[in-house]
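Worksheet: one structure, shown below.
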Amino acid sequence: MENTKPFARIVRALPGTHERVVETALRYVSPGSSALDLGAGSGALTERLQAAGFKVTAVDIENYFELGSEFLQLDLNDPNFSRALSSKFDLITSVEVIEHLENPTAFLRSVQKLLTPEGVAILTTPNVENVAARLKFLKSGEVRAMNKNSPEHITPIYLDLFVRKIVPPSGLTLVEHFVHPENDYPLTARRYFVPFFRLLAPFMKGTALSGDCHFLVLKKTEARRPASSGWIQGPIRGD
C-alpha cells in the first residue's frame, strides 16, 4: 500500500534528495533490512526510510528529533566512531555530511566496517564541479558551496579525486554515481543564467556538469584472485 503520511520535518538538502535516496536504496536493498542514517539531523530521512520499511538506527552529534528509532550520539569526525556500534547494516545513508568532515577517507573506513558483506552506502554531497561552480571559481576564485557563506563546509568532494584517492584506501568501491537534479542548477538564484549553463556544458569535460548534488553509491571492494596464488584486495572501478 502506498504510504500517504505527510513528511513535515525540516530537510537540509535539495528538494527531492531524500526521495531519491530511498528510491536508490530500494534498488539495492529490500524493505525490512537494517539501515544506519549517519548525520540524521532533523530525522526527515530517517522517517522516510522507516516508512519504506527499513529498520533504522540514527546517528548525529546531537539528538535533534524524537522518533521511534534507535539513536546514538556520535562525532563523525572521530575516525573510530564505528566502534560504538555493535551491529552491521545492509544500508548506510549519509546525506550532505561528508563535506562537513575533516577526513573523508577515515569516515569511509568506518562506513566500510559497518556494512554487511552485500551492504550498500549512499552518500550525497554538494557538486562543486558543475558549470555554475566552474564559472564561479573562474570569476571569484571561490569554491561553490564552500565559501564564507557556508563556513560549516570544509571538504569539497571532486569526483575524480574521490574515485582515485579518497575511496580506494577505505576498502569501498564506487558502484554508481549520478547528479541531482540532472540538467538543472537549483542553487542558481538568477534563473536566467541556467540556459547559458546548459549551452556551455557540451564544451566542458566531466560527468558532473549539471546538478547541484552528487549521489555516490558504494559497496565493499571485492577480493580479486591474481594470476599467481593468493588473494589481494583491489578496487573495482564503477561505471
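The values are calculated or read from the model by the stated rules, or taken from the named source; none is laboratory data. From a predicted model like this one, the values you see are computed outputs, not experimental measurements. Heads up, the Cβs are rebuilt from the backbone with ideal geometry, glycines too, and the neighbour counts pull from every protein chain shown.
Against the condition in contact with a strand residue (DSSP E or B) (Cβ under 9 Å, 6 or more places away or on another chain), surrounded by fewer than 17 Cβ atoms within 10 Å (Cβ to Cβ) and at pLDDT 95 or above, how does Phe178 come out, does it pass? Even if it seems obvious, please write down each step before you answer.
On the way: in contact with a strand residue (DSSP E or B) (Cβ under 9 Å, 6 or more places away or on another chain): yes; surrounded by fewer than 17 Cβ atoms within 10 Å (Cβ to Cβ): yes; at pLDDT 95 or above: yes.
Yes; evaluated as a whole, the condition is true for this residue.
Where residues in the stretch 104-143 are hydroxyl-bearing (Ser, Thr, Tyr) and outside any helix (DSSP H, G or I), which of them is nearest to the chain's Cα centre (by Cα)? Quick ask: steps written out before the conclusion?
Taking the stretch 104-143 as the starting set, the residues that turn out to be hydroxyl-bearing (Ser, Thr, Tyr) are 105, 110, 116, 124-125, 140.
Imposing the further condition that a residue be outside any helix (DSSP H, G or I) reduces the set to 116, 124-125.
Values: Thr116: 18, Thr124: 3, Thr125: 5 Å.
Ranking the qualifying residues of the stretch 104-143, first place goes to Thr124.
I'm trying to understand the selection: among the residues of the stretch 3-28, which are in contact (Cβ under 8 Å) with a residue 60 or more places away in the chain and either surrounded by fewer than 22 Cβ atoms within 10 Å (Cβ to Cβ) or in contact with a helix residue (DSSP H, G or I) (Cβ under 7 Å, 6 or more places away or on another chain) (or both)?
Within the stretch 3-28, the first condition is being in contact (Cβ under 8 Å) with a residue 60 or more places away in the chain, and the residues that meet it are 12-18, 20-21, 24-25, 28.
Arg12, Ala13, Leu14, Pro15, Gly16, Thr17, His18, Arg20, Val21, Thr24, Tyr28, listed by residue number.
Name the single residue, out of those in the stretch 195-225 being touching a strand residue (DSSP E or B) at 6+ places or on another chain (Cβ under 8 Å), at pLDDT 95 or above and among the small types (Gly, Ala, Ser), that is nearest to Thr17 (Cα to Cα).
For the stretch 195-225, the residue satisfying everything is Gly211.
Would you say Val194 is under 25 Å from Ala121 (Cβ atoms), among the β-branched types (Val, Ile, Thr) and outside any strand (DSSP E or B)?
Numbers: under 25 Å from Ala121 (Cβ atoms): no; among the β-branched types (Val, Ile, Thr): yes; outside any strand (DSSP E or B): yes.
Against the criterion (under 25 Å from Ala121 (Cβ atoms), among the β-branched types (Val, Ile, Thr) and outside any strand (DSSP E or B)), Val194 does not qualify.
For residues in the stretch 7-47 being modelled with pLDDT under 90 and among the β-branched types (Val, Ile, Thr), which is nearest to Val179 (Cα to Cα)? Don't jump to the end; show me each part of the working.
Initial filter on the stretch 7-47 (modelled with pLDDT under 90): 7-13, 41-42.
Subset that is among the β-branched types (Val, Ile, Thr): 10-11.
Working: Ile10: 22, Val11: 18 Å.
Ranking the qualifying residues of the stretch 7-47, first place goes to Val11.
Which number in (1) of a type in the set (Val, Ile, Thr); (2) at pLDDT below 95; (3) under 19 Å from the mean Cα position of the chain (by Cα) marks the one condition that Thr4 misses?
(3)
Among the residues that make up the stretch 113-129, is at least one of them surrounded by fewer than 16 Cβ atoms within 10 Å (Cβ to Cβ) and free of Cβ contacts under 8 Å to residues at least 24 places away in the same chain?
From the stretch 113-129, those surrounded by fewer than 16 Cβ atoms within 10 Å (Cβ to Cβ) are 117-118; that's our starting set.
Applying the additional criterion that residues be free of Cβ contacts under 8 Å to residues at least 24 places away in the same chain yields none.
Within the stretch 113-129 (the criterion being surrounded by fewer than 16 Cβ atoms within 10 Å (Cβ to Cβ) and free of Cβ contacts under 8 Å to residues at least 24 places away in the same chain), the answer is no, since none of the residues qualifies.
Quickly run through the stretch 22-42 and pick out the residues that are under 16 Å from the mean Cα position of the chain (by Cα) and either farther than 17 Å from Leu115 by Cα or of a type in the set (Ser, Thr, Tyr) (or both).
Hits for the stretch 22-42 are Val22, Glu23, Thr24, Tyr28, Ala40, Gly41.
Only residues that are out of contact with any Leu (no Cβ under 7 Å at 6 or more places or on another chain) and at positive phi: list them for the stretch 34-85, please.
Within the stretch 34-85, Gly41, Gly53 qualify.
Filter the stretch 169-191 down to residues that are touching a Ser or Thr at 6+ places or on another chain (Cβ under 8 Å) and assigned to a helix (DSSP H, G or I), then give me how many there are.
Summing the residues that are touching a Ser or Thr at 6+ places or on another chain (Cβ under 8 Å) and assigned to a helix (DSSP H, G or I) in the stretch 169-191 gives 2.
Restrict the check to the stretch 130-137 and report whether at least one residue is in contact with a strand residue (DSSP E or B) (Cβ under 9 Å, 6 or more places away or on another chain), surrounded by 15 or more Cβ atoms within 10 Å (Cβ to Cβ) and not polar (S, T, N, Q).
Taking the stretch 130-137 and keeping what is in contact with a strand residue (DSSP E or B) (Cβ under 9 Å, 6 or more places away or on another chain), we get 130, 133.
With the extra rule that they be surrounded by 15 or more Cβ atoms within 10 Å (Cβ to Cβ), the set shrinks to 130, 133.
Cutting the leftovers down to not polar (S, T, N, Q) gives us 133.
Yes, the conditions are met somewhere in the stretch 130-137.
Looking only at the stretch 78-103, which residues are among the acidic types (Asp, Glu) and touching a residue at least 24 places away in the same chain (Cβ under 8 Å)?
As a first pass, look at the stretch 78-103 and keep what is among the acidic types (Asp, Glu): 78, 90, 96, 99, 102.
Scanning the stretch 78-103 gives Asp90, Glu96, Glu99, Glu102.
If I ask for residues that are of a type outside the set (Ser, Thr, Tyr), modelled with pLDDT under 95 and part of a loop (DSSP other than H, G, I, E, B), which ones from the stretch 48-86 would you list?
Of everything in the stretch 48-86, those that are of a type outside the set (Ser, Thr, Tyr), modelled with pLDDT under 95 and part of a loop (DSSP other than H, G, I, E, B) turn out to be Ile61, Glu62, Asn63, Phe65, Glu66, Leu67, Gly68.
For the stretch 57-112, which residues satisfy the criterion of being surrounded by fewer than 20 Cβ atoms within 10 Å (Cβ to Cβ), among the hydroxyl-bearing types (Ser, Thr, Tyr) and in contact with a helix residue (DSSP H, G or I) (Cβ under 7 Å, 6 or more places away or on another chain)?
Ser69, Ser82, Thr105
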